[in-house]
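Working notes, structure below.
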Amino acid sequence: MQTTIDDLTLMNYVDRGGFAEIFLSKKKGINEILATKRLDQSKLNENPILRKYLENEIVILNTIKHPNIVRLYDVKYKPDYIYLVMEYCNGGSLHNCLQSYKHKYHKPFTEEIVQYLMRQILSGLKCLHDHQVIHRDLKLAIILIKYKSDDDAKNLNIFSGHVKIIDFNTSTKPGSTVARTAVGTVPNMAPSVIFNLSGSRDNYDEKVDIWSLGTLCYEMLVG
């Protein structure tokens, strides 16, 4: 059943994560299928940290535009929900893509595929760092792939895919007091971030993202 919010139409339900639901959607004036994240206002009111994370992500996505960073088209504030209207990536996450590739070909990504993907991830990450943004949670699950067609997605034609980095709610700037906290996913964390799990409050900078990139590269190569 379709739901209309102003010039936005929610269509198929896609997924749920934490305090958000994801829908396929269409927006007037944009001739493509989009993804809309619907966030429950009551849950955000109960948890100020989640609201702060959301506001942080909106500021970053409104500020930074790059082919390898997911695009935010619109934000709609309603009494019960907040709607983030975003670019839809029909290939899902690189984590799921890698699992599907292994299932189909019985091996991890080839070096050529990893080079193709890493070049795009690096391009998006350079843009973030040029804008003084540390992502802090780079992992295959938050890097999506957008194929030119659904057939390319179905056939895992990765060389027709375009990488999109998402999830900036815990991102921060170098030198901020936040850049002393242990945030991220442990297997992908740089040592300077992991040390802060034990109570250290030493500052770290954007180089922690470079460490995480190495873990992504390793994971894609060895499966």
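Taking the criterion of being open to solvent by less than 40 Å² (accessible area, probe 1.4 Å) and of a type in the set (Val, Ile, Thr), the residues of the stretch 2-24 that qualify are ILE5, THR9. Looking at the stretch 65-82, can you tell me whether even one residue there is closer than 29 Å to LYS154 by Cα, open to solvent by less than 40 Å² (accessible area, probe 1.4 Å) and in contact with a Gly (Cβ under 7 Å, 6 or more places away or on another chain)? Within the stretch 65-82, one or more residues are closer than 29 Å to LYS154 by Cα, open to solvent by less than 40 Å² (accessible area, probe 1.4 Å) and in contact with a Gly (Cβ under 7 Å, 6 or more places away or on another chain).
The helices (runs of 4 or more DSSP H) falling completely within the stretch 59-173 that include 3 or more residues that are of a type in the set (S, T, N, Q) map to 94-105, 111-130.
The values are calculated or read from the model by the stated rules, or taken from the named source; none is laboratory data. Predicted model only: the values in this text are computed from it and were never measured. Cβ sites come from the backbone with ideal geometry, for glycine too, and all protein chains shown count toward neighbours. Just so you know, the surface numbers come from the protein's heavy atoms only, side chains and all, with ligands and any DNA or RNA stripped out. Shrake-Rupley method; radii C 1.70, N 1.55, O 1.52, S 1.80 Å.
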